[in-house]
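In what follows, a structure is listed as structure tokens, so that the remarks can point back to it.
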Amino acid sequence: MKVARYRAYGSPENIESAEQPDPVAGTGQLLVKVHASSVNPIDWKMAGGHFPFNLVRPGLPYLPGFDVAGEVVTAAGDFPVGARVHSRLPTVRGGASAELVAVHPRDVAPIPEGMSYADAAAIPLAGMTALQGLRDHARLPLAGADGYRVLVVGASGGVGHFGVQIARAAGAHVTGLCSGRNAELVRSLGAHEVVDYTTGASPAAGGAFDVILDCVGSQPATTFTPWLTARGVYASTAPTGATFAWQLFYALTFRRRVRAVMLGPSAADLRWLDGLAARGALRAHVDATFPLARLADAHRMSIAGRTRGKIVIAVAE
Ligand SMILES: NC(=O)c1ccc[n+]([C@@H]2O[C@H](COP(=O)([O-])OP(=O)(O)OC[C@H]3O[C@@H](n4cnc5c(N)ncnc54)[C@H](OP(=O)(O)O)[C@@H]3O)[C@@H](O)[C@H]2O)c1
């Protein structure tokens, strides 16, 4: 099978196209022909040795990517040959930049009818991170968040653009913090208010927030905690050591105030997101699509930090 892989750690210059033996489905596993994958910052952070991945680097050659959408070619569980499935691969080392992947049925969800492979590949990792950040860390009630004020920092990025839609679907009042160039996009995703971070305006000028989902991580938690209501929680998908320290500090005082989000992949959560998409309340915004042979360009684009929504990799027709 064709793959795209890092032959050495470092920058996308080290990505090469190569042929590798097809994976063999283990006991009870599906073999999936990958139609599309998507890029997440973790893909190049692992290769680049950004903390903490400098401590736990995958072996070489490294096949980056965690999101796949494709078609079952070896059946298992309830999934027959030809079934359309998607997954955030449950591995710690990626593997999605390949024409075939082996995955257990418990780690996949059926792609809803009418959803393209591109959208199905864009949703898993970023969508689940937004969902778990809001629901599990910030305790946003998904069934009835009327009266909740939610701020999504980095509302135009992969995680943030799903966060805006999930919070809106929950019934919350949503403010998106993004640059002016992305204001229209973020509004179209359901944000009631948009604040342009390049102007230096404070999102809290309109009132305090019950939930702040930070998908950027460029400011310390202490920038945001003064903007919280008494019940408010700040959750960061890009935590630093200080974020963990604040989480611990508040935990020791029996308060939930600062949380570091660490995704735990879950096919049940993916099905939940699919349900939202099927109701028309969630969509992936695909900024660009690259063929597998141009994975290096896709990583360069992600590293630039200006992605609107998601970057998709077209693996097979
Ligand atoms: N902990 C976990 O389990 C987990 C899971 C998923 C992701 N993450 C992390 O979460 C972060 C976000 O991931 P992502 O996929 O959403 O990244 P992304 O798509 O690459 O984010 C890019 C977006 O961030 C916006 N942005 C950059 N600086 C900003 C600022 N100061 N204020 C507001 N918006 C800003 C950009 O908009 P402009 O161009 O307008 O600036 C762009 O739209 C990454 O650090 C990623 O590694 C962690």
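The values are calculated or read from the model by the stated rules, or taken from the named source; none is laboratory data. These numbers come from a predicted model, not from an experiment. With ideal geometry, Cβ positions are generated from the backbone for all residues, glycine too; neighbour counts draw on all protein chains shown. With ligands, DNA and RNA removed, areas are computed over all heavy atoms of the protein, side chains included. Shrake-Rupley method; radii C 1.70, N 1.55, O 1.52, S 1.80 Å.
Observations on the structure shown:
- When the range 26-43 is limited to residues that are more than 19 Å from Pro265 (Cβ to Cβ) and open to solvent by 30 Å² or more (accessible area, probe 1.4 Å), the one that is farthest from the chain's Cα centre (by Cα) turns out to be Thr27.
- Residue under evaluation Arg187, criteria (1) buried (at least 19 other Cβ atoms within 10 Å of the Cβ); (2) more than 10 Å from the ligand (Cβ to nearest atom); (3) free of Cβ contacts under 8 Å to residues at least 60 places away in the same chain, criterion not met: (1)
- Residue in the range 119-126 that is of a type outside the set (Lys, Arg), open to solvent by 50 Å² or more (accessible area, probe 1.4 Å) and not in a strand (DSSP E or B) present: no
- Look at the range 286-311: where a residue is on the phi > 0 side of the Ramachandran plot and in contact (Cβ under 8 Å) with a residue 12 or more places away in the chain and a partner is of a type in the set (D, E, K, R) and near the ligand (Cβ under 9 Å from one of its atoms), sitting 6+ places away or on another chain with Cβ atoms under 9 Å, you get Gly309/Asp287.
- First in the range 207-228 and free of Cβ contacts under 8 Å to residues at least 60 places away in the same chain, second anywhere and open to solvent by less than 20 Å² (accessible area, probe 1.4 Å) and aromatic (Phe, Trp, Tyr), Cβ under 9 Å, 6 or more apart: Ala221/Tyr234; Thr225/Tyr234; Leu228/Phe209; Leu228/Tyr234
- Subset of the range 273-312 that is of a type in the set (Lys, Arg) and surrounded by fewer than 21 Cβ atoms within 10 Å (Cβ to Cβ) - its residue that is farthest from the ligand (Cβ to nearest atom): Arg279
- Search result, residues across the range 165-184 that are away from the ligand (no atom under 15 Å from the Cβ) and outside any helix (DSSP H, G or I): Gly171, Ala172, His173
- Those strands (runs of 3 or more DSSP E) lying entirely in the range 3-83 with at least 3 residues under 17 Å from Pro124 (Cβ atoms) and of a type outside the set (D, E, K, R): 30-39, 67-74
- The range 64-80 residues that are free of Cβ contacts under 8 Å to residues at least 40 places away in the same chain, paired with ones that are part of a loop (DSSP other than H, G, I, E, B) (beta carbon under 7 Å, 6 or more apart): Glu71/Gly82
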